[in-house]
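Shown next, in structure tokens, is the structure this report addresses.
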Amino acid sequence: MARAIVIAEREGDLAPSAFRAEHPSTRAGRCWRIDPDCSRTIANTRGAGLARSPGADSGGSRVRGTRRDHVKFRGSKAMATYIEVDEAIKMKGLRVVLTPSVPGPWTEAAKGILRVKKIPYVKVRQELGGPNLPLINWTKQATAPVFVYNDERPRTIWIDQLYLAERLAPEPSLIPAVQADRALMFGLANEICGENGFGWMRRLMMIHGSLTNPETPEASKQGTRTLGAKYDYAPAAAEASAPRVAEILGALDRQLTANRARGVKFMVGDRLSALDIYWAAFAALVKPLPDEVCKIHPGFRKMYDCADPIVTAAATPQLMAHRDFIYHEYLELPLDM
Ligand SMILES: N[C@@H](CCC(=O)N[C@@H](CS)C(=O)NCC(=O)O)C(=O)O
């Protein structure tokens with residue numbers, strides 16, 4: 001028996017509001033391509049376009065006693081397989097705690113890094129905004145993603161996760177070998193993923209939007225307040241976020257322009273780096289990938305889709321096309337959440 005998670009019942013809800021049981025279903029069996037030049041999404045038939053690359057997927061289907069968690073809305077289901085924390089604790093190898101059914105940017109970036117490096121892992125379920133007590137017992141915190149490798153300490157922060165992935169699969173390296181490129185990459189990656197960075201500030205904006213929207217139901221506001229308390233929400237900080245988000249986007253855009261002027265299609269150095277993957281995943285907080293390849297609840301889509309004119313002006317066509325290019329060439333499409 002698998003469970004379908006109803007992640008939000010009304011548009012604009014930030015926190016999950018209900019959970020209910022449901023039977024699993026089969027894979028959709030369709031492939032999609034994104035045109036990197038014009039960001040058009042093309043739905044193809046089975047076997048055409050982007051193939052799912054083997055080896056980087058969750059090994060969950062090989063695990064006894066797993067179950068599928070899938071979000072159900074408009075008749076479609078995401079099909080990733082998750083195991084519970086209690087089960088994951090008893091295992092060896094790489095277990096990755098992820099939030100099912102939403103394209104959380106830290107989560108999708110972590111999955112992207114593991115995919116590019118073809119590192120096998122099992123997916124472990126975190127409950128968005130939930131108490132996550134087994135997870136707290138295991139990792140001393142309740143947020144996703146987390147990497148736990150054998151008996152090593154849980155890696156709960158993006159940079160630790162990247163270094164572990166590099167150790168487990170040194171090639172292809174996603175950290176530039178040239179020192180100046182490396183410093184630049186980590187600086188910009190921290191601007192995207194770090195505390196008070198792009199993802200953090202966009203989250204404050206989303207929390208603010210939900211709490212100040214008179215149409216947000218009180219029950220949903222409670223969950224949002226919990227998230228707000230966890231991530232240092234304050235109205236003044238949220239209101240000051242847009243220029244800072246735009247500043248970071250400006251820095252990314254300038255860097256991409258400079259590297260393209262050198263004839264390189266990646267953000268830093270001469271090859272794909274983790275920075276390209278971080279940007280591709282976090283760009284969802286400006287505009288999520290289209291429904292054809294990223295099937296999310298309409299309420300989440302509305303929340304992720306940024307309406308702030310300062311931010312949208314800074315999210316240049318070049319940056320968004322770069323996101324599409326990285327997804328098309330290297331990442332999972334459609335997203336399997
Ligand atoms: N700890 C991660 C950030 C991960 C993170 O902020 N995850 C959020 C994504 S919104 C999360 O899991 N929120 C849901 C929750 O806390 O229940 C890092 O710094 O690399």
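The values are calculated or read from the model by the stated rules, or taken from the named source; none is laboratory data. Note that the structure is a prediction, hence the values are computed from the model and not measured. All Cβ positions, even for glycine, are placed from backbone atoms using ideal geometry, and neighbour counts span all protein chains on display.
Tabulated data for the structure shown
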item: Members of region 98-115 found to be more than 12 Å from the chain's Cα centre (by Cα) and within 16 Å of the ligand (Cβ to nearest atom), listed by number; result: Leu114
item: Wholly within region 208-265, helices (runs of 4 or more DSSP H) carrying at least 1 residues that are touching a residue at least 40 places away in the same chain (Cβ under 8 Å); result: 218-230, 241-261
item: Hits in region 208-224 - residues which are of a type in the set (A, V, I, L, M, F, W, C) and away from the ligand (no atom under 16 Å from the Cβ); result: Ala219
item: Test: residue in region 168-182 that is in a helix (DSSP H, G or I) and within 16 Å of the ligand (Cβ to nearest atom); result: no
item: Scan of region 116-138 for residues that are outside any loop (DSSP other than H, G, I, E, B) and within 16 Å of the ligand (Cβ to nearest atom), ordered by number; result: Lys123, Val124, Arg125, Leu133, Pro134, Leu135, Ile136, Asn137, Trp138
item: Residue in region 198-206 that is more than 20 Å from the chain's Cα centre (by Cα) and of a type outside the set (S, T, N, Q) present; result: no
item: Any hit, region 188-207, residues being in a helix (DSSP H, G or I), out of contact with any Phe, Trp or Tyr (no Cβ under 7 Å at 6 or more places or on another chain) and away from the ligand (no atom under 16 Å from the Cβ); result: no
item: Single condition Lys230 does not satisfy, out of (1) near the ligand (Cβ under 9 Å from one of its atoms); (2) modelled with pLDDT of 95 or more; result: (2)
item: Residue count, region 279-337 (criterion: part of a loop (DSSP other than H, G, I, E, B) and of a type in the set (Gly, Ala, Ser)); result: 2
item: Cross-chain or 6+ apart pairs with Cβ under 7 Å, region 141-167 first and in a strand (DSSP E or B), then of a type in the set (D, E, K, R) and within 12 Å of the ligand (Cβ to nearest atom); result: Val146/Arg155; Phe147/Arg155
item: Odd one out for Tyr233 among (1) of a type outside the set (A, V, I, L, M, F, W, C); (2) in contact with a Lys or Arg (Cβ under 9 Å, 6 or more places away or on another chain); (3) closer than 28 Å to Arg271 by Cβ; result: (3)
